[in-house]
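As C-alpha cells, the structure follows; a few thoughts come after it.
What follows is calculated from the coordinates using simple rules that are stated; it is not laboratory data. This structure is a prediction, so every number in the text was calculated from the model and none was measured. Cβ sites come from the backbone with ideal geometry, for glycine too, and all protein chains shown count toward neighbours.
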Amino acid sequence: MLYLAFPADLRERYAESTWLVYDKQVLETSFAPGDILLLSSWVVPHRAEQLQVIHRARQEGARVIFVGSKEDETDEWKRQLCALGVYDFAFFGDEVVLSVLDDLIEHPRTPLDVRAYVDETVWHLAREDPVVVEVETPKADVDEPTQDEAPFRPRWRRPRWGKPSPPAPERLQVVQPRLVVVLGLWPRAGVTTITYLLAQLFAKQLPTRSVACIEHPRPWPRMWDYFQLDARMPAENYRHWTADGVGQEIEVDGVDLVPLPPGWIGSADYGQPMVQYIFRHMRKPVTLVDVGAQAPSEMLLGVADRIVCVLDCDPTFLSIAELGNQYRALSAKYGESMVTVLNKWTRYAHYEDLFEDAVKVPYLAPEMMQQALWAGQFPDVATLTSELHELTERVVTPLLPARVG
C-alpha cells in the first residue's frame, strides 16, 4: 500500500493509494512490511514528529520517502535521514515536480546512491532483516497416567525410534527493536536506579543479552564503577563507541552494558552518531539509554519508543517554575510516548492532580539497594514484584515482543 502524506490529493495519479491529509492521521496510521510512506514536511511540519513517524514506519517494515521544502534541505538533515534508513528524499522550491516523486516511488535508492550522507561502515547493514531471537520453552514433566486413568494409549505418544524429539523452540519475532530513553529534570531523582530496574525487568522476560543499557555521553561516568567492571576488563582495553562508532559491550547478569570509559569528560551530545550506533550496531530487542538530568538531543527523543521521565517526590523541586516549564514542554512535544515515573513514592505525597497517569515507584528497601550498589550488581527485581508492578505493567509489558510460532 502506498500512503501519501501530501498536501495535494494524488490518488488518481497513484492507483490503490491512501491519502493522509492531517498530521494526526499519519501519527495514528499503522504500516506493514512492503508499504511505502510518502512523508512531506507540509503535512507533518514538526521535526520531532517527523522523526517519530519515520522511526515507527521503518521499524514496522515500510519504506519511507521524505519530501520537503528547500528551506529544510541541509546536509545534516540528509545524514539524519540516512541514519534512520531513509535514502529516498527530495526538496523542492515553489513547485513540486511530480516526475521526481514517480521516480522515488518506482526506483528505490540504495545507500550507495546517497553515499555522501551515509556512514561507509554501515552500508551492509542498511537492509538487514529484523532481529529474531529464540527461546526454548521447557516442557513441564507430566506423570504417566495409570492404566485406569488412561485405558487407551494413542500410538503417537512417543516416536517409534530413538529418543523423544525435543520441543521446537518458541520464537520471538522482534519486528520493532525498542528504544527506551530514561531522563530526569534534576539530580538524584533516581534516573539511573529506574534504568537499572527496567533493564532487569526486561531481561527477565527475554533471552540473555537481548537488553542493552547505554550510559549517555553527557552526564558523569558512573556505570563503570557501579558494576566494578575493572574486575571484568582492564579500562585501557575497553573501546567505547564514540571512538569508532562500534565499540564493545560488557555483559552483566544477561544485560549488555555500554559504560562511559573511566575518567570520561565530554560535553558533546553525540545525537546523530548515537542514533546510528543504536540502530545499526546494537540492534537489540530492547535498548535503554540512561540520560540522567541532561537534556538529550531532539533526534534521540524523537526516535524513542518510550521516554521515561523520572521525578522524585520532592516538593521543593516541583515548585520551581523553570523545572515545571521544562516538564510541560516535554509533555507537550512527546506526550504520547512519554511516561512519568514518580520515584520514592510515599503516602504523604499528593500529586494526583498534577500527574494523573504517573507510574508510582515506592521507596525501596535501603539495605537491599545498598547491598546491590556495593556488590556491583543489579537490584534483585524478583523480590520487588509488588513494588514494581506499575512499572512493569505500564513500561515493560507493552514493549515486549509478541511471541510467534
When ranked by the protection proxy of mean other Cβ atoms within 10 Å per residue, highest first, what sequence do the peptides 194-202, 240-248 form?
-> 194-202, 240-248
For Thr208 and Ile265 in the same chain, what is the full-extension length gain: residue separation times 0.36 nm, less their Cα-Cα distance, in nm?
-> 17.4 nm
Can you tell me which of 215-222, 355-362 comes out highest on packing, and rank the rest after it, using the mean Cβ neighbours within 10 Å?
-> 215-222, 355-362
For Asp9 and Asp103, calculate 0.36 nm times their separation in residues minus their Cα-Cα distance, and state this gained length in nm to one decimal.
-> 32.0 nm
Each label point is 7 Å from the Cα along the Cα-to-Cβ direction; what then is the distance between the points at Arg347 and Arg47, in nm?
-> 4.9 nm
The answer for Arg178, listing residues at least 5 apart or on another chain whose modeled amide H is closer than 5 Å to its amide H, is Val286, Thr287
Once phi for every residue in the range 321-337 is put through the Karplus expression 6.51 cos²θ - 1.76 cosθ + 1.60 (θ = phi - 60°), the whole-Hz ³J(HN,Hα) values, with Gly and Pro written as x, are 4, 4, 5, x, 5, 4, 5, 5, 5, 4, 5, 5, 7, 10, x, 5, 9
For the range 3-71 the mean separation of alpha carbon contacts under 8 Å (6+ apart) over residue count, i.e. relative contact order in percent, is 34 percent
How large is ³J(HN,Hα), in whole Hz, for each residue of the range 4-9 in order, when computed from phi with the Karplus curve 6.51 cos²θ - 1.76 cosθ + 1.60 and θ = phi - 60°, using x for Gly and Pro?
-> 10, 8, 9, x, 10, 7
If you count the DSSP beta bridges with both ends in the range 173-404, what percent of them are antiparallel, to the nearest 5?
-> 10 percent
For Arg115 and Asn237 in one chain, what is 0.36 nm times their gap in residues minus the Cα-Cα distance, to one decimal in nm?
-> 40.7 nm
Two-site label geometry, Glu76 and Arg188: point separation in nm, points 7 Å out along Cα→Cβ | 3.6 nm
Asp230 paired with Gln294, simple spin-label distance in nm, labels 7 Å along Cα-to-beta-carbon = 2.3 nm
Karplus-derived HN-Hα couplings along the range 234-251 (A = 6.51, B = -1.76, C = 1.60, θ = phi - 60°), whole Hz, x at Gly and Pro | x, 4, 5, 8, 7, 10, 8, 5, 5, 7, 9, x, 10, x, 8, 10, 10, 7
For the range 230-315, listing GluC sites (Glu not before Pro) in a DSSP loop whose Cβ sees at most 12 other Cβ atoms within 10 Å gives none
Amide H proximity to Asp35 below 5 Å, modelled H, separation 5+ or other chain, gives Arg63
Cubic angstrom per residue, convex hull over Cα atoms of the range 2-125 | 104 Å³
The answer for trypsin sites (Lys or Arg not before Pro) in the range 1-87 that fall in a DSSP coil and have at most 15 neighbouring Cβ atoms within 10 Å is Arg11, Arg13
Out of residues 5 or more away from Arg283 or on other chains, whose amide H comes under 5 Å of its own, with H placed 1.01 Å from N in the peptide plane?
-> none
Dividing the surface of the Cα convex hull of the range 173-404 by four yields a projected area in nm² of 12.7 nm²
